[in-house]
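The values are calculated or read from the model by the stated rules, or taken from the named source; none is laboratory data. Keep in mind that what you see is a predicted model, and the values were worked out from it rather than measured. Don't worry about glycine lacking a Cβ; one is built from the backbone with ideal geometry, like all the others, and counts go over all protein chains shown.
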Amino acid sequence: MDRVDRCIVLVDAGYLLGAAASLLAGEPSRSRISVDHAALIQGLRERAESDTQCPLLRIYWFDGAPDRVPQPEHRRLRVMPRVTVRLGALTRSDGRWAQKGVDAAMHAELTELARNRACADVVLVTGDGDLLPGMMAAKEHGVAVHLWAVQAADGDYNQSEDLVAEADERRVLDRAWIIRAVRAKEIGGVCAPPPAPRPEIAAILSAPLPEAALAGPAEPSAASDADTDPHRGPAAPAANGSAARGHGTKGVPTPKDLAVLRGPTGHGPAQPASATLRWSSDKGWVDRPAAESQEAAALPVLAQLTTAEQRWADREEDITTVGGDPLEVGQVFARRWMARLPEPVHLATLSALYPRIPHRIDGELLRYAARFGLLAHKDDQIDERDRYAIRAGFWREIEAHAPGQTAAGE
């Protein structure tokens with residue numbers, strides 16, 4: 001079989017983006033940078049075709065993901081032309097995240113492409129010395145190997161020296177090239193302006209945990225409720241056989257914590273009227289008119305309002321344009337829900353319930369957010385702040401279309 005004169009690019013995303021973060025932000029954490037993936041892929045394609053003088057066949061993007069579940073960036077990348085995403089596992093050990101299986105997948109792809117003479121030139125964007133056998137095998141099959149590095153922050157190599165020595169051609173992607181698609185985030189910056197402060201939400205966030213919750217015995221049903229409540233997520237692992245929340249490890253009080261202050265059984269000191277508990281859940285102590293639950297139950301959920309054609313369009317939009325920021329996710333969900341309402345009165349009904357999102361709609365909102373990798377375990381604990389941001393985005397969008405109505409619900 002004759003050799004085909006075309007090029008292929010194999011990208012170790014952990015190396016490329018980690019090295020870019022070190023160069024631009026001073027540390028290898030990818031959370032410190034924002035990436036325009038479309039611009040990055042286009043830049044890789046143009047540089048590869050220029051260096052090899054061959055048309056591009058395909059870019060392989062190798063990365064790690066928890067349980068190999070595609071994250072928002074992977075879902076956007078894999079629908080781009082000439083891009084194939086290969087995912088290894090992302091595991092946490094000794095407080096650090098590590099990729100598993102990525103180098104093995106790159107080695108297998110590289111040797112298979114060379115053996116089948118699928119290309120004349122292959123570009124490797126990696127620093128991992130484990131790729132050395134694959135590089136040598138590709139060369140033995142007549143493939144020219146180009147090794148690209150990201151400019152090192154300290155001016156030294158950030159690649160295996162053996163890998164550098166074995167490559168046919170070498171190139172450094174310097175700062176000027178990197179910043180075309182990658183930017184360092186400002187320290188303390190946020191993806192979107194914070195929502196306007198709301199008295200009742202502020203009261204919930206600032207209220208201290210009750211002494212009864214800190215020192216007293218846990219309620220018999222606490223574990224089962226936490227396991228089944230979609231708004232709180234799975235229960236955190238117990239420490240020394242006692243509830244973790246009883247030792248102040250949870251930074252934000254939950255509805256159950258605050259319910260102890262004004263619970264129906266009368267335990268704990270009285271809670272100020274300004275901190276009346278209103279929560280996006282039907283569980284816990286909620287002081288509201290009895291008719292509210294009936295009105296909330298009558299509100300349609302998004303799935304009931306969405307046709308098969310709209311569902312397909314929603315999925316395309318999620319993949320191609322929705323970034324996965326918690327605030328943005330809440331806004332997108334609210335925008336679709338409002339646009340498909342058959343009766344304007346539903347919007348007024350929802351706005352009057354502020355800041356509580358009806359249980360059915362709230363559960364659907366959080367399930368939608370889970371598609372973007374949100375609400376997952378972070379540092380072995382559920383990230384409550386993502387939930388606040390998702391709901392804040394939801395209410396921001398509602399208020400933009402029904403100004404003044406949410407205030408009436410306070």
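Computed quantities for the displayed model
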| item | result |
| --- | --- |
| Meets criteria (modelled with pLDDT of 85 or more, surrounded by 16 or more Cβ atoms within 10 Å (Cβ to Cβ) and of a type outside the set (D, E, K, R)) for residue 349 | yes |
| Number of the condition not met by residue 48 [criteria: (1) touching a helix residue (DSSP H, G or I) at 6+ places or on another chain (Cβ under 9 Å); (2) in contact (Cβ under 8 Å) with a residue 60 or more places away in the chain] | (1) |
| Failed item, numbered, when residue 176 is tested on (1) more than 27 Å from residue 115 (Cβ to Cβ); (2) modelled with pLDDT of 80 or more; (3) in contact with a helix residue (DSSP H, G or I) (Cβ under 7 Å, 6 or more places away or on another chain) | (3) |
| Scan of segment 320-355 for residues that are of a type in the set (A, V, I, L, M, F, W, C), without any contact (Cβ under 8 Å) to a residue 24 or more places away in the chain and within 18 Å of residue 294 (Cα to Cα), ordered by number | 345 |
| Test: residue in segment 378-391 that is under 20 Å from residue 306 (Cα atoms), of a type outside the set (Val, Ile, Thr) and modelled with pLDDT of 70 or more | no |
| Residue that is nearest to the chain's Cα centre (by Cα), among those in segment 297-309 that are surrounded by 15 or more Cβ atoms within 10 Å (Cβ to Cβ) and in a helix (DSSP H, G or I) | 302 |
| Residue satisfying all of: in segment 130-173; touching a strand residue (DSSP E or B) at 6+ places or on another chain (Cβ under 9 Å) and either of a type in the set (S, T, N, Q) or outside the structural domain of residue 119 (by TED's automatic domain parsing) (or both); farthest from residue 102 (Cα to Cα) among these | 151 |
| Some residue of segment 39-53 being of a type in the set (Val, Ile, Thr) and touching a Lys or Arg at 6+ places or on another chain (Cβ under 7 Å) | no |
| Within segment 151-166, tally of residues that are of a type in the set (A, V, I, L, M, F, W, C) and either part of a helix (DSSP H, G or I) or modelled with pLDDT of 95 or more (or both) | 3 |
| Top-ranked residue in segment 8-24 [being more than 20 Å from the chain's Cα centre (by Cα) and assigned to a helix (DSSP H, G or I); ranked as nearest to residue 138 (Cα to Cα)] | 19 |
| Answer from 98, 39, 105, 89 - the residue that is part of a helix (DSSP H, G or I), within 30 Å of residue 328 (Cβ to Cβ) and within 26 Å of the chain's Cα centre (by Cα) | 39 |
